[in-house]
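Report on the following structure.
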Amino acid sequence: SLVVLPRLRGFSLCPPRVNPVSRPAALIMAVGLDSIYVTKPTTTMDLIFKHRRSLLANRKSELVALMAISTTLFLFFHTRDLHSKLKEMEVKLQPDVSLSGHQLSGESEFSAVSIMMRQLKDSGEIDNLSAQALNNTRKAGKEMIFFNRVPKVGSQTFMELLRHLAMRNDFGFHRDHIQRVETIRLAPAEQMGLANMVNGYSTPSVYIKHICFINFTQYGLPDPIYVNLVRDPVERVISWYYYVRAPWYYVERKQAFPDIPLPDPQWLKKDFETCVLRGDRECQYLEGETREGIGDHRRQSLFFCGHGDACTPFNTVGALQRAKKAVERHYAVVGVLEDMNSTLTVLEHYIPRFFRGASKIYHEEIERFKRINKNSFKPPVSEEVKDMVRRNFTREIEFYHFCRQRLHRQLLALKLPDTYR
């Protein structure tokens with residue numbers, strides 16, 4: 001074999017110590033050249049060393065492969081554990097949900113109910129309020145709760161509460177699973193299919209899904225007990241904006257659907273205030289605008305209006321009136337995130353078969369419930385920007401107050417001795 005050694009000028013070159021086996025080897029040195037060439041004949045020991053080096057190289061390759069597999073498995077299990085922890089944070093996600101709502105349900109809730117009670121007393125209506133007349137539970141054809149939950153109103157917390165109540169009060173618990181695309185508006189045939197599926201569950205049961213209102217009687221089926229929740233519409237749309245940018249949202253979806261592409265990092269980093277002030281498409285709330293596709297998550301009234309085309313234009317009188325009518329005719333209770341105490345009290349009295357003990361469980365589990373879907377990545381939004389958005393949410397705000405006043409009427413109709421008197 002031929003080895004090329006660099007020549008070091010100004011230094012003397014000493015012959016290397018020769019291995020006994022290769023002692024006869026000749027060293028040929030070319031002095032005065034830029035390199036020194038040393039020729040060395042191949043020996044038995046060289047062949048042995050070469051073979052050992054070959055084996056070592058193979059073993060190194062195997063070791064690298066083993067390390068790669070180990071790393072892959074580690075990352076898989078670590079990601080799974082991370083997902084579990086993020087689910088806990090998610091059972092830390094609905095935005096300020098449960099307990100941003102609970103915290104708000106103190107003074108503001110007390111004040112709102114007190115004001116309504118004074119108004120009803122002054123008008124003489126307080127004595128004519130009837131809990132039976134205000135309770136649509138009596139219209140249900142079977143013991144089945146249909147909770148077509150609005151996103152970002154505390155519905156994740158409410159779902160966990162129902163899971164606890166299902167064990168305590170002995171009823172079935174059913175919910176939809178994560179979907180590639182969240183479809184909230186369905187064609188008539190799909191509505192009928194979903195209604196038939198829900199109707200097929202044994203009773204008593206609860207079914208939970210993000211979906212617009214479905215009229216079961218329209219498909220020849222008995223009405224379930226309809227329940228839902230609402231929230232301040234501007235706070236809700238801000239929460240939705242940051243929810244779809246939250247890390248755990250993509251962890252969950254990537255695990256379920258690995259081929260879903262990740263969004264643009266610039267889109268993920270964009271804050272709500274910048275989006276509104278810059279007039280970006282996703283933060284424009286134009287009256288009468290229809291967002292094409294499977295649903296418009298900017299507003300909660302759509303979940304009560306239904307699946308028809310008349311419900312799709314944003315912030316219109318027609319969609320508002322349809323949503324109000326559905327609440328009055330069909331919903332047993334529409335709770336309010338900011339009025340959680342009133343919501344739980346009304347549910348316990350109007351739908352006792354399912355909600356008996358709800359307040360007790362809620363307050364016992366309050367520290368855990370208040371972390372559900374709490375989005376720690378949601379920065380504060382200035383009141384100036386919120387006011388800009390409110391100007392385009394006039395009918396959504398009207399619908400929210402309509403639901404809130406209805407809840408307070410239902411509460412006062414119970415004539416409980418300790419109801420804010």
> Which of the residues that make up region 166-180 are out of contact with any Pro (no Cβ under 7 Å at 6 or more places or on another chain) and more than 26 Å from GLU252 (Cα to Cα)?
Replying inline: MET167, ARG168, ASN169, ASP170
>> For region 139-168, which positions are in a helix (DSSP H, G or I), surrounded by fewer than 17 Cβ atoms within 10 Å (Cβ to Cβ) and touching a residue at least 24 places away in the same chain (Cβ under 8 Å)?
In response: LYS139, ARG168
> Among the residues of region 334-347, is any under 16 Å from CYS212 (Cα atoms), under 26 Å from the mean Cα position of the chain (by Cα) and not in a loop (DSSP other than H, G, I, E, B)?
Replying inline: yes
>> One residue is enough: does region 307-319 have a residue meeting the conditions outside any helix (DSSP H, G or I) and surrounded by fewer than 17 Cβ atoms within 10 Å (Cβ to Cβ)?
In response: yes
> If you scan region 171-186, which residues turn out to be free of Cβ contacts under 8 Å to residues at least 12 places away in the same chain and not polar (S, T, N, Q)?
Replying inline: HIS177
> more than 21 Å from ASP296 (Cβ to Cβ), of a type in the set (A, V, I, L, M) and in a loop (DSSP other than H, G, I, E, B), is that true of LEU186?
Replying inline: no
> Which pairs do you get when a residue that is without any contact (Cβ under 8 Å) to a residue 12 or more places away in the chain and within 20 Å of THR343 (Cβ to Cβ), found in region 218-237, comes within reach of a residue that is surrounded by fewer than 24 Cβ atoms within 10 Å (Cβ to Cβ) and among the polar types (S, T, N, Q), reach meaning Cβ atoms under 8 angstrom, with the pair 6+ apart or on two chains?
Replying inline: none
> Quick check: is even one residue across region 209-232 hydroxyl-bearing (Ser, Thr, Tyr) and either more than 27 Å from LEU407 (Cα to Cα) or surrounded by fewer than 17 Cβ atoms within 10 Å (Cβ to Cβ) (or both)?
Replying inline: yes
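Is it the case that region 216-229 has a residue that's assigned by TED's automatic domain parsing to the domain that holds GLN284, at pLDDT 95 or above and under 30 Å from PRO380 (Cβ atoms)?
Yes; the residues of region 216-229 include at least one that is assigned by TED's automatic domain parsing to the domain that holds GLN284, at pLDDT 95 or above and under 30 Å from PRO380 (Cβ atoms).
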>> Taking the condition of being buried (at least 22 other Cβ atoms within 10 Å of the Cβ) and either modelled with pLDDT of 95 or more or not assigned by TED's automatic domain parsing to the domain that holds ALA112 (or both), how many residues in region 355-383 meet it?
In response: 2
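The values are calculated or read from the model by the stated rules, or taken from the named source; none is laboratory data. Quick caveat: nothing in here was measured; it's all calculated off a predicted structure. Positions of Cβ are backbone-derived with ideal geometry, glycine not excepted, and every protein chain shown enters the neighbour counts.
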